[in-house]
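Here's the structure, in structure tokens; my notes come after.
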Amino acid sequence: MDLVYGIINCLTFSNLLYCFVGCILGTLVGVLPGLGPASTLSILLPLTMYLDPTGSIIMLSGLFYGAMYGGSTTSILVNIPGEASSVATALDGFQMTRQGRAGEALWISAMGSFIAGTLGVVALSFIGPGMAKYALKFGPPEYFGLILFSMGALINLSGTSIAKGLGAGLVGILLSMVGVDPLTGVGRFDYGSIELMKGFELIPLTIGLFGIGEILISAEAGVGKIYEGKLKNMMPRGEELKRGLVASIRGTLVGFIPGLLPGMVPSLTSFMAYDVEKRFSKHPEKFGTGLIEGVAACESANNATAQAGFIPLMALGIPTGPALAIILGALMMYGLQPGPVLFEANKQFVWTVIGSMYIGNVILLILNLPLVGMWARISLIPYKYLGPTILAICVIGAYSPRNTMFDVWVALAAGALGYLMRKNQWPVAPLILGFILGPMLEQAFRQSLAIGGMGIFFTRPIAVFFILLTIITTIISVRLLKRVPKEIIEVESEV
Amino acid sequence: MNRKVLIEGALFILISCLGIAEGIRLESQVDAQSIQGPVGPGAYVLFPSLLLLITGIVYLFRNCRNRKTPKAIENNAGGKAQALGIMAVLCLYVFLIDVCGYLLASVVFFLLEFRIVGIQSWAKNIILTGIIVGVYYTVFVYFCSMSFPRGIFFS
């Protein structure tokens, strides 16, 4: 009944407008590489102080989960992930575009996002506080096990050579170590440079590896247009539709449950979902060649994680990622203390925000399906106009996280690296995955050792479960990869 | 062993050596009285570096008998020159942002970049540059208040 009142409350003109603006901005932020939800939320936060608390949080929330929808558009159309959470989507999404199936990719991406977003909000509505309490049982050893399991994806993303994939992943982990040791504060790989002491940011790295690298490859290949076909046959049919929807449901589960845990950001769960989907598939060797499941699973997972993050945020006051931390800041600025008290003392506010998420997902489906042609027009513009335009946006995007030109130089270097890697059939995805997972793995590992030494990994049941699961699935993946003809796998390494 | 594999393996080993050197340096600076935890910063760096070294050696060993050059993207000399030109102009752009500020650097960037990608008409080039730079400046600098460097001439 509270939910019904919340939805009714949300149907006022002002709340609908805030929801709509948040969704539009979120989609736009998602489409533009480098402008992430966290940076945009921080820019918008001062402006939303002029609004009432409900309207403000509705808009900020809409922006956050809207970015998950929008990030896939450029991932699919031009192989430039709009968000870190859409990196995995590009693996198969862009291949679908190259095969003239951009419409189907965009359709399943939007539909998968809608399914995951809606199911996520349903879960938030009915099982919020109850689910959040189990998250308290996850300590560092459990996190270590879970992240180690995610690392197993390095094998599956390796393409022709497991050594190349593992090597790229390890290089990603070493890159993530540049900066300051998280536990002791000593500089690592800084070589006396203040800039290096700050470490590398993820956004400039992804912009360079995927965005700039892709443009250089396209320029060398003499691409006239990114996509020459029409966006016909938007909706997949028959067997492909069924596979896409099943992958969406699976991706939702993979994204939602870990999404309750702090640190489980959408970029991570989208890779996990891709990996899980590959393991379930009868044709894992075809992943990376344009399989609809590869798009559906990733997009569903990242949306599910985004929605799931609101559960610990509202129930416990724990933000699971940087963007949600900003929303927490907004809540506290309004004097709204997240936690069980929030659900009781500010019932109308909570349920109105939750109600707005149902409506927001519908708005986003409309923006990303029937109106996807508007975004897809980008792909029809001749590349000679689009290329420099995108490069300039990449520069802005690389600059925006920390307002430092050092990050832009990092993006350029990553662009050169991405170009060389793709030219020589080195997989790029493991490098990014290693970069994302490295700090989390390190923190979990060292905290676990500080708590109970190496033995703790053998005495905590959840940790043991994930470690055993990692070993088993890695062995299975390696054996499966060896059986698949190399000619088929070669295509996978072209991201 | 073909040259490409040799270079790739050597890169693996080089990066791992950098990691190992850093790990040893950090371990040698451990202060016994400070709180390091069971695994110090050096040991944690050493582990993936050693793993990378092993991976590189395995990679070289497994490919040592393979004399065939792996298939790479076909080389297109003209395209390659364009790609290098794009990269060079991009580097110039980033350098110029610090020197002359975002606005001026963007104008120079687009004028050169459009020329490289094949827009031969200067009139079209100038019009496009004006529109795009105007839009970007308005959206990102004016509305979003992004504070780009103003350059040494305008700071």
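Which condition number in (1) within 10 Å of chain A (Cβ to nearest Cβ); (2) touching a helix residue (DSSP H, G or I) at 6+ places or on another chain (Cβ under 7 Å) is the one that B:ASN125 fails?
(1)
Kindly indicate which of B:GLY40, B:GLY9, B:GLY56, B:GLY19 is surrounded by 20 or more Cβ atoms within 10 Å (Cβ to Cβ) and at pLDDT below 85.
Answer to the check: B:GLY40.
Out of the residues in region A:171-197 meeting the condition of being among the β-branched types (Val, Ile, Thr) and more than 22 Å from A:GLN447 (Cα to Cα), tell me which one is farthest from the other protein chains (Cβ to nearest Cβ).
A:ILE194
Can you spot a residue in region A:446-454 that is modelled with pLDDT of 70 or more, within 23 Å of the chain's Cα centre (by Cα), in a helix (DSSP H, G or I) and surrounded by 15 or more Cβ atoms within 10 Å (Cβ to Cβ)?
no
Output the residue which, of all residues in region A:387-406 that are in contact with an Asp or Glu (Cβ under 9 Å, 6 or more places away or on another chain), surrounded by fewer than 20 Cβ atoms within 10 Å (Cβ to Cβ) and outside any helix (DSSP H, G or I), is nearest to the other protein chains (Cβ to nearest Cβ).
Going through the qualifying residues, I end up with A:THR404.
I'd like to check something: does region B:73-88 contain any residue that is modelled with pLDDT of 90 or more and at the interface with another protein chain (Cβ under 8 Å from one of its Cβ atoms)?
Yes; the residues of region B:73-88 include at least one that is modelled with pLDDT of 90 or more and at the interface with another protein chain (Cβ under 8 Å from one of its Cβ atoms).
For region A:407-438, what are the residues that are at the interface with chain B (Cβ under 10 Å from one of its Cβ atoms) and either of a type in the set (Phe, Trp, Tyr) or at positive phi (or both)?
A:TRP409, A:TYR419, A:GLN425, A:TRP426, listed by residue number.
How many residues does region A:236-286 contain that are under 18 Å from the mean Cα position of the chain (by Cα), surrounded by fewer than 20 Cβ atoms within 10 Å (Cβ to Cβ), of a type outside the set (D, E, K, R) and not in a loop (DSSP other than H, G, I, E, B)?
So the count comes out to 3.
Read through the list (1) more than 27 Å from A:THR459 (Cα to Cα); (2) at pLDDT 75 or above; (3) not in a helix (DSSP H, G or I), then give the number of the only condition that A:LEU174 fails.
Among (1) more than 27 Å from A:THR459 (Cα to Cα); (2) at pLDDT 75 or above; (3) not in a helix (DSSP H, G or I), the lone unmet condition for A:LEU174 is (3).
Select from region B:83-113 the residues that are without any contact (Cβ under 8 Å) to a residue 24 or more places away in the chain and β-branched (Val, Ile, Thr) and write down the one among them that is farthest from A:CYS394 (Cα to Cα).
It comes out as B:VAL108.
Yes or no, residue by residue, for (1) under 30 Å from A:ALA221 (Cα atoms); (2) open to solvent by 60 Å² or more (accessible area, probe 1.4 Å); (3) outside any helix (DSSP H, G or I):
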site	(1), (2), (3)
B:ILE86	yes, no, no
B:LEU104	no, yes, no
B:GLY130	yes, no, no
B:VAL133	yes, no, no
B:GLY151	no, no, yes
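The values are calculated or read from the model by the stated rules, or taken from the named source; none is laboratory data. None of the values given here were measured: they were computed from a predicted structure. All Cβ positions, glycine included, derive from the backbone under ideal geometry; neighbour counts span all protein chains shown. In case anyone asks, the SASA skips ligands and DNA or RNA and just uses the protein heavy atoms, side chains included. Shrake-Rupley method; radii C 1.70, N 1.55, O 1.52, S 1.80 Å.
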